[in-house]
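Worksheet for the structure shown next.
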């Protein structure tokens, strides 16, 4: 087992962080390009948004397959193949002359983008000691946030200076460098034990995880938290574009820099769980997410920014701990368990607008916060259940 602080630990952790950075940069690179894509192809805003949402949709669906495939075929090789697919498709987007072609390429890219997120934490669970896993997951989630921020910045600045097509070329170059370093740094699997690929067993594993009440509650907590966190960013964009703020889009986009506090939270999550049991750390993260949401109600721009900084710290603390918790508590087929967590995670993001839209229509931003607090109260209740089960397991071990 790889122990925390060893040379191989830092090589493996850096490799997975670079892979995570590459994946999430590619996921979010199109977000700041949407107005340019709409203008170039003469699309409505809704039509242009498919260049982003279609890739996240196929990414989420692909997670159901990568976990079982990696249980049978191995973690390292499958991550490399999926990252190579992402890189080739990113370069292909540079030459997309028609919008349907761009959509097809983004959909295919989404299928490749799911490889590393579905497998990385399962690789860590196979190779790292429990203490090393908690620390490594924190760094890995931090790389997620840095990748998301960087993808938006690369897309925005490259699009403004060189055109939207050039953003994909630059992103492709970044992907080549990341993939090369990933392949060089990541150690071969030592703790992995292959299981034959059996479709019936795949379904059995998936439903087995869903019938496990502890895993199911963790999945729902992760999906509910992400639903609130990511959808609040959508609605605050409308708030800040209207009176009394009237902020231009480029300044509203900078609000995503509040993700950096989430990067810090992810890096600290391993240290926090050395002092607090995991369910308590998850509950702390949800409490911070609720507190930041309430702070944004004051209407002061500085308070809103501070609120979103607190939100990001709380959300990514809970997300980092939940990710490692799922891998540690899955009794078998860990990659499948991690994949299901991410499927529910992205599903939560995709339905967040449907959930919060009635609250927005009823009470504008105050309504959004009310809806957020209702959902967060449910996810916090889930942590109370996990805490009770955790105490039970500890008491059994003590006996």
The listed residue being modelled with pLDDT of 90 or more, crowded, with 17+ Cβ neighbours inside 10 Å and not in a loop (DSSP other than H, G, I, E, B), out of 116, 63:
116
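Filter segment 23-47 down to the residues that are in a helix (DSSP H, G or I) and over 16 Å from residue 152 (Cα atoms), then identify the one that is modelled with the lowest pLDDT. It would help to see each step written out before you state the result.
As a first pass, look at segment 23-47 and keep what is in a helix (DSSP H, G or I): 23-28, 31-41, 45-47.
Now restrict to residues that are over 16 Å from residue 152 (Cα atoms): 38-41, 45-47.
Numbers: 38: 79, 39: 80, 40: 90, 41: 92, 45: 56, 46: 59, 47: 76.
Per the stated criteria, the residue is 45.
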Residue 224 - would you say it is in the same structural domain as residue 323 (by the TED database), modelled with pLDDT of 85 or more and on the phi < 0 side of the Ramachandran plot?
yes
So is residue 19 modelled with pLDDT under 80, part of a helix (DSSP H, G or I), within 26 Å of residue 139 (Cα to Cα) and under 19 Å from the mean Cα position of the chain (by Cα) or not?
no
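Using the structure shown, decide if residue 89 is under 23 Å from the mean Cα position of the chain (by Cα) and surrounded by fewer than 21 Cβ atoms within 10 Å (Cβ to Cβ).
no
For residues that are free of Cβ contacts under 8 Å to residues at least 40 places away in the same chain and touching a helix residue (DSSP H, G or I) at 6+ places or on another chain (Cβ under 9 Å), scanning just segment 154-172, find the one that is farthest from residue 38 (Cα to Cα).
Applying the first criterion (free of Cβ contacts under 8 Å to residues at least 40 places away in the same chain) to segment 154-172 yields 157-158, 160-162, 170.
Imposing the further condition that a residue be touching a helix residue (DSSP H, G or I) at 6+ places or on another chain (Cβ under 9 Å) reduces the set to 157-158, 160, 162, 170.
Values: 157: 17, 158: 17, 160: 14, 162: 17, 170: 21 Å.
Result: 170.
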What is the one condition in (1) over 22 Å from residue 178 (Cα atoms); (2) more than 18 Å from the chain's Cα centre (by Cα) that residue 7 does not satisfy?
(1)
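Of the residues 203, 175, 180, only one is outside the structural domain of residue 373 (by the TED database), assigned to a helix (DSSP H, G or I), within 25 Å of residue 319 (Cβ to Cβ) and out of contact with any strand residue (DSSP E or B) (no Cβ under 6 Å at 6 or more places or on another chain); which? Quick ask: steps written out before the conclusion?
Details: 203 fails: within 25 Å of residue 319 (Cβ to Cβ); 180 fails: within 25 Å of residue 319 (Cβ to Cβ).
On inspection, the qualifying residue turns out to be 175.
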Could you please give the count of residues in segment 119-131 that are outside any helix (DSSP H, G or I) and under 13 Å from the mean Cα position of the chain (by Cα)?
0
Among 285, 270, 291, 307, the single one that is under 19 Å from the mean Cα position of the chain (by Cα) and within 20 Å of residue 369 (Cα to Cα) is 285
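The values are calculated or read from the model by the stated rules, or taken from the named source; none is laboratory data. Keep in mind the model is a prediction, meaning the values are calculated, not measured. Neighbour counts run over all protein chains shown; Cβ positions are idealised from the backbone, glycine included.
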